[in-house]
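Worksheet for the structure shown next.
The values are calculated or read from the model by the stated rules, or taken from the named source; none is laboratory data. Keep in mind the model is a prediction, meaning the values are calculated, not measured. Backbone-built Cβ (ideal geometry, glycine too); neighbour counts: all protein chains shown. Protein only, heavy atoms only, side chains kept; ligands, DNA and RNA dropped before computing areas. Shrake-Rupley method; radii C 1.70, N 1.55, O 1.52, S 1.80 Å.
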Amino acid sequence: MNEAAEDQRQHRDYAARIDGKAFALALRADVAQGAAGFQADVGRQPGLAVVLVGDDPASQVYVKTKMRQAAEAGITSFPHLLPGSTSQTELLELIARLNSDDRVDGILVQLPLPAQIEEAAVIEAIDPAKDVDGFHPINVGRLSTGQSALVPCTPLGCLLLLQDRLGDLSGLKAVVVGRSNIVGKPMGQLLLNAHCTVTTVHSRSRDLAAECRSADILVVAVGRPEMIDASYIKPGATVLDVGINRIELADGASRLTGDVNFVAASSVAAAVTPVPGGIGPMTVACLLRNTLTAAKARSGR
Ligand code: NDP
C-alpha cells in the first residue's frame, strides 16, 4: 500500500457527516430565545423586510423558507413581492421607505434582480445598519478591517460550523475555492480574522488539486457538480461544501448535489458537509441571527 493510500486508510475510520440541519435548528432556537428577550425589552419583535422582484421559482422558494423560519423564531416579516417589470427607481424608493421604517431592523433583497435593475445600486442604497446580507461596501470594509460588521450569511454559517467542530481555528491552513463577493471573498476574510493561514483559489489558479490538498479546512463554493474528489483532499481535513447544483436525471427527475463528491471525500476527510442538509440550512439561520444582531444594535442592546 502506498503512503497516500495508507494515510487514507488511517483516516477513513473517523470521517463524519457534519449535520448542518441539526446545527441550524439549534441556532434558530437560540435566535428565538434572543428575539423573545428583545420583544420583552423593546415591546416589539425584530423585523425583517423581504423584497422579491419578479417570479423566479427558486427565489420564491427561498423567500418563503426565510419568512416561515423568521415567524418560527419570533421575527416579524414585512414581505414586498414586486412584479418583474419594477424599475430601479421604484425599488430604490421602497428601500428608502424601509430604511426609515423603525419596525424594520433588516432588509433582504432577494438576488438575482431583473436585468433593468443594477444590483450594486440597490445594495448601496440599503442602510448598512439594516444590511442583514452583509453585502454593503461599508460592511465589507468593516469585515476586512476587523471591525464589527453584519457578515454575509453563508460564510458566517460556515465559520460557525467550523468553530463548533474544531474550536480555535488559529494557525490552521484554510483553502477557499471560489472568490465571489457573497461566498468566497468574505469566507477568506472570516477565516483570516480567525487566524487561519488562508489561500483563495479560482478558475485561473494553477494546480488546484495540490493547493486544496494542503488544506486542513477546505471550503468549496464554485457551482460545479462534484468537482472535488478524494484527490483534492488532505487526509483528516474538514470539508465544507457550499455548492448547490441541480442535476437532471435520465428519467426526467432531478436531484441536488454539491461541488464535492461526498462519498469520495468521506473516505479521506475527517468531516464533510452533505448537500442538501449542510451549509444551506445554516445560511437561513444566519440571516435570522443577523436580523436579531441588527435589531439589538439599532436599539442600543
Ligand atoms: P459564483 O459563480 O459567483 O462564483 C464561483 C467561483 O468559482 C468563481 O470565483 C470562479 O472563479 C470559481 N470557479 C469556477 N470554476 C472553477 C474551476 N473550474 N476551478 C476553480 N474555481 C472555479 O458562485 P457563488 O459563489 O455565488 O456560488 C457558488 C456555489 O455555491 C453555487 O453552486 C451556488 O448555488 C452555491 N451557493 C450556496 C449557498 C448556500 O446557502 N448553500 C449560498 C450561495 C451560493 P472566477 O472568479 O475565476 O470566475
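Tabulated data for the structure shown
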read-out	value
Percent accessible area from carbon and sulfur atoms, the chain, protein chains only, probe 1.4 Å	51 percent
Rounded to 10°, Cα long-axis angle of helix 184-193 versus longest principal axis of the chain	80 degrees
Around residue 92: net Lys/Arg minus Asp/Glu count, Cβ-Cβ under 11 Å	-3
Packing rank of 99-105, 32-38, where each peptide gets the mean count of other beta carbons within 10 Å, highest leading	32-38, 99-105
In sequence order, calculated HN-Hα J values of segment 37-43 (Karplus, 6.51, -1.76, 1.60; Hz; x Gly/Pro)	x, 4, 4, 4, 6, 9, x
Karplus (6.51, -1.76, 1.60) ³J(HN,Hα), θ = phi - 60°, over segment 65-76, in Hz, Gly and Pro reported as x	4, 4, 5, 5, 6, 4, 4, 4, 8, x, 10, 7
Peptides 216-225, 66-75 ordered by average Cβ neighbours within 10 Å, highest first	216-225, 66-75
Whole-Hz couplings from phi, Karplus 6.51/-1.76/1.60, listed for segment 128-136; x for Gly and Pro	x, 6, 10, 7, 6, 8, x, 9, 5
Heavy-atom accessible area per residue - segment 43-127, 1.4 Å, Å²	48 Å²
The chain, relative contact order [Cα under 8 Å, separation at least 6], %	23 percent
Gaussian network model of the chain, springs between alpha carbon atoms under 10 Å - residue of 171, 20, 157 with greatest fluctuation	171
Rh (Kirkwood; distinct C-alpha pairs) - segment 63-188, Å	16.3 Å
Residues whose placed amide H lies under 5 Å from that of residue 228, excluding near-sequence neighbours	260, 261
Segment residue 121-residue 249, extension gain: residue separation times 0.36 nm, minus the distance between their alpha carbons	42.2 nm
Reference-scaled alpha-carbon Rg (2.2 N^0.38 Å with N residues) for segment 140-184	1.22
Fully extended contour minus Cα-Cα distance, from residue 297 to residue 25, at 0.36 nm per residue	95.5 nm
Amide H within-cut-off set for residue 267, under 5 Å, with H built and near neighbours excluded	none
Under-5 Å amide H pairs with residue 215, H placed in peptide plane, nonlocal only	234
Per residue solvent-accessible surface (Å²) - segment 152-281, probe of 1.4 Å	42 Å²
Calculated [θ] (222 nm, deg cm²/dmol) that DSSP helices of n ≥ 4 give over the chain, each run adding -39,500 (n - 2.57)	-13500 deg cm²/dmol
Ratio Rg/Rh, restricted to segment 152-281 and using Cα atoms, in which Rh is the Kirkwood radius	0.96
Area projected by the alpha carbon convex hull of segment 43-127, averaged over all directions, nm²	5.3 nm²
Angle in degrees between helix 88-99 and the longest Cα principal axis of the chain, rounded to the nearest 10	80 degrees
Reachable aspartates and glutamates from residue 66, criterion Cα separation under 13 angstrom, eight or more residues apart if same chain	133
Among 180, 267, 148: highest mean-square fluctuation, GNM of the chain, C-alpha pairs under 10 Å	148
Net lengthening on full extension, residue 147/residue 193 (0.36 nm per residue, minus Cα-Cα)	15.6 nm
